[in-house]
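The values are calculated or read from the model by the stated rules, or taken from the named source; none is laboratory data. It should be emphasised that the depicted structure is a prediction, and the values quoted were computed from it without experimental measurement. Quick reminder, even Gly has a Cβ in these numbers, built from the backbone with ideal geometry, and neighbours come from all protein chains shown.
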Amino acid sequence: MATTTIQSILDIFEGADERNWQKASNAMANKVLLDYTSMTGGEPALLTPQEITAAWANFLPGFDKTHHQLSNFQQQANTVTFDGKADHYINDSVWTVIGNYYAETEADGKVSLLRFNFKTQSGNTELPAIATANIQKSKVN
């Protein structure tokens, strides 16, 4: 099960970087409690894989590319913790976000809870706003 679980987690982040929303969705349970509140505020949300990837599809393609690096996987039963670093690029600028994750999975290894614990960010912190503007421009054209 460990290999399946970690592969599911990798598929979510690789799918996001590849803009392969089906790959990311296939690694998630029917409902996922997604919690990025340590970075964005608000409340955790119970979402379908399609709702999650639709949100990502309305933000991540605003960057030229993204690259997630995951490491230090620690698994006990159906829980996994790991470290994450995400680089977001537009032209020659980069915005980097670092933190760690807590995930829970179902018996089949699909992710049912994903909580990000924000640690720090560096680089051009204006890039998320630029990415959002890029998405809006692409919808107009």
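Conditions (1) more than 27 Å from S138 (Cα to Cα); (2) among the acidic types (D, E); (3) out of contact with any strand residue (DSSP E or B) (no Cβ under 8 Å at 6 or more places or on another chain), marked per residue:
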{"site": "T4", "(1), (2), (3)": "yes, no, yes"}
{"site": "D11", "(1), (2), (3)": "no, yes, yes"}
{"site": "R19", "(1), (2), (3)": "no, no, yes"}
{"site": "L46", "(1), (2), (3)": "yes, no, no"}
{"site": "A54", "(1), (2), (3)": "no, no, yes"}
{"site": "N58", "(1), (2), (3)": "no, no, yes"}
{"site": "D64", "(1), (2), (3)": "no, yes, no"}
{"site": "D87", "(1), (2), (3)": "no, yes, no"}
{"site": "N91", "(1), (2), (3)": "no, no, yes"}
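In the set N26, N72, which member is modelled with pLDDT of 95 or more and out of contact with any strand residue (DSSP E or B) (no Cβ under 8 Å at 6 or more places or on another chain)?
So the residue among N26, N72 that is modelled with pLDDT of 95 or more and out of contact with any strand residue (DSSP E or B) (no Cβ under 8 Å at 6 or more places or on another chain) is N26.
Tell me, which helices (runs of 4 or more DSSP H) lie completely within region 1-47 with 1 or more residues that are under 16 Å from H68 (Cα atoms)?
2-18, 21-26
Go over the candidates A107, A129, A133 one by one and state the one that is surrounded by fewer than 13 Cβ atoms within 10 Å (Cβ to Cβ) and outside any helix (DSSP H, G or I).
None of the others qualify; the one that does is A107.
Do you know which residues across region 27-50 are free of Cβ contacts under 8 Å to residues at least 40 places away in the same chain and surrounded by 14 or more Cβ atoms within 10 Å (Cβ to Cβ)?
T37, A45, L47, T48, P49 - these are the residues of region 27-50 that are free of Cβ contacts under 8 Å to residues at least 40 places away in the same chain and surrounded by 14 or more Cβ atoms within 10 Å (Cβ to Cβ).
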